[in-house]
Amino acid sequence: MKKVCALFLTSLLFHFVNAQQGSPLLTHFTESRNIENQSWAICQDENHVMFFANRKGILMFDGEEWATIRIPAIPYSMQRNPFDGKIYVGGNNKLGYIEREGSGSFRFVPLSGDSISAGIITKIVFDRSNAWFYSDQSIIRFNTSAHEIDLIIGSKPGYPFTGMFVTPANTFINVLNKGLHRIDSDTLFPIVTGYITGKTEVLFALPYNSTRVLVGFGNSTLHLFDGIKYYDYAVNDKGYLMANILSEGIALGDTAYAFSTLEGGAIIVEKSSSKLLFTLNNKNQLPDDEVFALGSDNTGGLWLSHQYGLTRADLNLPVSNFTIFPGLAGNLSSALKHNNELYVATSEGIFCLSEVRSYDEKEIVVKTKQSLPAPEAVPEEHLEEGQNARKKIFSRIFGKKTDPQPVVIVSKPAPLEEINYTRRKISTLRSVDHLYQKVEGLNEKCRQLVSTPYGILAATNRGLYIINDHKAKPVTSARYINHISLNDIEGRYFIGAMDGYFTVRPERGEWITEVPDPEYNNPVYSVSREKDGTLWFGGDNIVFRKPYGITNEISGYRNYSLKTDFPERYIIDIQNDSIFLYSESGIYLYNSREDRFVLFSMKGSDPSAGNDLYYPFSNRRLILFNNKWFESGAFKSLNNTELALLKIFDEVISVTVEEDYLWVIEGNNRLYAIDRKKHADIDPLTDIFIKSISNGKGIKFDIENVKFNRGNNIIRFNIVAPGYLKQNTTHYQYFIDEVMTDWSPWSVATNYVETVTKPGDHILQMRARDIWGNIGDPESVKFTITAPFTKTWLFYAITGLFLLSLVILVVWLKERQLKNKNRLLEDKVRERTAEIEARKREITSSIEYAGRIQNAILPAEDHFRESFSDFFILYKPRDIVSGDFYWIAENDKSVFFTVADCTGHGVPGAFMSSMGISMLQEIIANSRALQANKVLNLLRRKIVNALHQTGKLGEMSDGMDIAFCMLSRDRKTLQFSGAFNPLIIIQNGKFMEYKGDKMPIGIHHGKESTFTNNIIEVNRGDTIFLFSDGYASQFGGPDGSKYKKSNFKDLLFEIYKKPMDEQRIILETELEDWKGSINQVDDITVVGLRI
């Protein structure tokens, strides 16, 4: 019982040596337990795939999938050779290595036959030329260059081997009762200090520097060894390794060691100082304290095998687990540091991480001295020679040189002393522990903590509390508190509750509660205040705004809501004078001009990830959008690395941002600290490993020779970028040249199937994007699709000859018939040609007559001249008749004029233009109190009714684009309304464009609304231009491109001062020069007027 208690106290003491830094981030892989729960060796290959030796074979894990490699014996040992990259395996009388074949499969390559009696290989070590296989009965050396076993050393009866290791210079074997031996000339030679290890086992040896190794022994001690002498390597673990039985050790890069135990998990030690860095055991969430094996990976991960599977500890990331300390209870909701102490809010209260010192009282004996008269001098030659001899022996064994000393005949004796002893009681420090202690006076569910200069404000479901000196005192009771403002506003903190809001402020050691509006009793989940004093409240599916200075009547509040499919809680936040509304359905920004909230679009997100939006409780506005973390607001306190680190947590409940730490609570009820002072050593995890490439039948290819036979064009490929921090976070893309136009969408899948229909040589490219957002360089594989026989040159030649013969035969047979029929056909062609030409003349004549009718319908230039003294009309139909028209009319109040572009060209357009002119004349004649937009509304209604348009799918959407103007008789006011077509007016040298509405005169599939009426003050001398899109759409110029609206507008502005007739000539000349020999592509109409 005493031993058990001692071990427990030692473990508890060690556990809290470095308490304030927590424990590393642990990832548990329980899937391996379903295959085999005991792995005896761990290593990683050159493709970063992890291998685990167990009873069922070699378990392989690439971060996404598990697989087992079967071998002919139980692998008791496994190690990767750093010199040739192979993974060597040892079993019972079996030794070999794992080899990856070209198809991606793995196989075991034996190095010995069944006749070898090697025993159970429990250790494999390497030097530059050899792989050494160790068992207690034999040592086998495999020459990796010659690929042969060139040495076998067997143990003698009664003297089994008890350990083996290599140093930069030699190979050493430990023999029971005989000690350490060195292999020289393929023979065992005992070393001078070998007897020291005769009674213990050598467990492992790890590199320390160029001349020394660190050796671990079966008695749980560690020593440095230089080939001859041993040196102490004392770890400040308070006897932890000794108490928990050292079992294995590995080097973690060049800076640290990891040591496993049979009863206490593992510890991590700084190499140079032997300082204890971390403990990994059951108390900090390692599933079991018995560690079977240790291993490491290329990204700073430490792997531990135990009864419940495998665990990976990430030692590179500045992330620590702070739920390892005892005393914490309930579901965690918030955390912060106050006065350099950690406080955690939970569903059962608030807890503070405190230091607890334990002392033992013990009685000691104190020695006191009293001087006596000195005796006579004693000659030195009377001392026993054995003492000097013992010193010389120890100097020879441990290498301490002593210089020859001169012989002193007489030495002065020391004075005599009388020694007395007394008893005294003292207190000694037994341990320094850290544990969570509950804050007194608070047993309620707490959801938010806010640090203030006067204590911690706590929001609970029973009221608002203030915490000082680890004690809670109610500020306001019997109210369900939802929200505390993070900062004081003019000395006051705003509090949101289920029944309204109030403020609190400190005054002379007390907190004063003030209720600004007792009548407001709606739930409040957030309170924000603008600089002018306006208050915003977020509630259940509603936002309230209380302008500064209004009375407290609820009628004075302005409320806002959003149209959503389900009720939501709204959170209001003011950032840099912008007011944001956060909800589950999205983020909205307040538009003060429209007095409403509009959807706020997030930039920089991943479109392939969907539209997932999540924001945790935080003292900063952190947003997880499409699998990427953002920090909104004008002031950004987190860098990109810190935002990326949040991705490692599955479900973030809350984040508290402080100067030195980020406190993160995730969904599995754990609290983590991200140390902002430490550099985050984030390595890209984007190296693609091609596991296999196969055809549609599942037959795997050698990756260096991928060639598909005829009739098989389905390629299957399995890829992975091994990473072990978090599963299903690496995304993949692929691209096949001459088959795909772009990379495939990002996907977490690792198995892909693609059908390649085009024969020939292709290149398959694959790349990965890791959890941090790094995109790796593509990995490429060449493959060939063999063309089917029907697409080979031989088939084409045979088919060509057959077709040629058939053609010759047919030609010969038909030639005679054609000669006979040719005469008849010629007569018929002449007859039919005459008929067609007659019909063409008839149709052309009809169209020309229609053109004369259309010109007659169009207003004469004299009509324009009655209202405008200076004008021009450029009217150029593409065909004989036109889909464009211009028109002018007047009444006693206004002059009406327009330019319109009807659907289609030629005859269809002419019908529409005639209809448009007729309807406009009818509207002007029969309507009163007209406005430009009302005219277009009436015209649209008449067009829709005349064409029987209903808006059904597939129905023709005939109509027109138009620019319509009304000029008052006093020439001072111009009204303009447009359907797509704009109005250009130039006043006093200022170029102004009034755009038409984005809807036609005709059926419109969007929401139909009234046209906009633009009222413009005009003066005499102002120039007005109306036009269709035909001029700007004309192709021409040196490169055959469109003239474009921008060039057309520039031309109008350039010539507007000239007389109108001259402007028309310039426009015609420019058009002809531009189109050159290219045909006119559209009807062109331009009308220019000067008031």
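Odds and ends about this structure:
- Within the stretch 77-135, tally of residues that are over 30 Å from Val781 (Cβ atoms) and part of a loop (DSSP other than H, G, I, E, B): 18
- Whenever a residue of the stretch 985-996 is in the same structural domain as Ala932 (by TED's automatic domain parsing), its partners that are surrounded by 14 or more Cβ atoms within 10 Å (Cβ to Cβ) and charged (D, E, K, R), lying with C-beta atoms within less than 8 angstrom and at least six residues away or across chains, give the pairs Ile985/Asp1022; Ile986/Asp1022; Gln987/Asp1022; Phe991/Lys1049; Glu993/Lys1049; Gly996/Asp961.
- Residues located in the stretch 311-334, provided they are touching a Gly at 6+ places or on another chain (Cβ under 9 Å) and within 22 Å of Lys726 (Cβ to Cβ): Arg312, Ala313, Asp314, Leu315, Asn316, Leu317, Val319, Ser320, Asn321, Phe322, Thr323, Ile324
- For the stretch 303-321, the set of residues classified as under 25 Å from the mean Cα position of the chain (by Cα) and assigned to a loop (DSSP other than H, G, I, E, B) consists of Leu315, Asn316, Leu317, Pro318, listed by residue number.
- Cβ pairs under 6 Å, 6+ apart, first in the stretch 426-448 and among the charged types (D, E, K, R), second at pLDDT 90 or above and in a loop (DSSP other than H, G, I, E, B): Glu444/Asn461; Glu444/Arg462; Lys445/Ser347; Lys445/Asn461
- Count - residues of the stretch 653-693 that are among the polar types (S, T, N, Q) and not in a loop (DSSP other than H, G, I, E, B): 3
- Hey, Tyr231 farther than 30 Å from Asp433 by Cβ, within 44 Å of the chain's Cα centre (by Cα) and not aliphatic (A, V, I, L, M) or not: no
- When residues in the stretch 1037-1051 are screened for being in contact with a helix residue (DSSP H, G or I) (Cβ under 8 Å, 6 or more places away or on another chain) and touching a residue at least 40 places away in the same chain (Cβ under 8 Å), 0 of them pass.
- Selection from the stretch 757-778 of residues that are more than 21 Å from the chain's Cα centre (by Cα) and at pLDDT 90 or above: Asp761, His762, Ile763, Leu764, Gln765
- Among (1) assigned to a helix (DSSP H, G or I); (2) crowded, with 17+ Cβ neighbours inside 10 Å; (3) of a type in the set (Phe, Trp, Tyr), the one test that Phe204 misses: (1)
- The strands (runs of 3 or more DSSP E) falling completely within the stretch 876-981 that include 2 or more residues that are in contact (Cβ under 8 Å) with a residue 40 or more places away in the chain, β-branched (Val, Ile, Thr) and in contact with a helix residue (DSSP H, G or I) (Cβ under 8 Å, 6 or more places away or on another chain) map to 894-902.
- Qualifying residue in the stretch 299-308 (condition: in contact with a Pro (Cβ under 7 Å, 6 or more places away or on another chain) and more than 18 Å from Leu725 (Cβ to Cβ)): yes
- Against the numbered list (1) within 21 Å of Ile699 (Cα to Cα); (2) out of contact with any strand residue (DSSP E or B) (no Cβ under 9 Å at 6 or more places or on another chain); (3) hydroxyl-bearing (Ser, Thr, Tyr), Thr790 comes up short only at (1).
- Set His28, His48: member being of a type outside the set (A, V, I, L, M, F, W, C), at pLDDT 85 or above and outside any loop (DSSP other than H, G, I, E, B): His28
- Scanning the stretch 697-755 for residues that are at pLDDT 90 or above, touching a helix residue (DSSP H, G or I) at 6+ places or on another chain (Cβ under 7 Å) and either part of a strand (DSSP E or B) or closer than 30 Å to Gln44 by Cα (or both) yields one hit, Trp746.
The values are calculated or read from the model by the stated rules, or taken from the named source; none is laboratory data. These figures come from a predicted structure and were not determined experimentally. Note: ideal-geometry Cβ built from the backbone for every residue, glycine included; neighbour counts use all protein chains shown.
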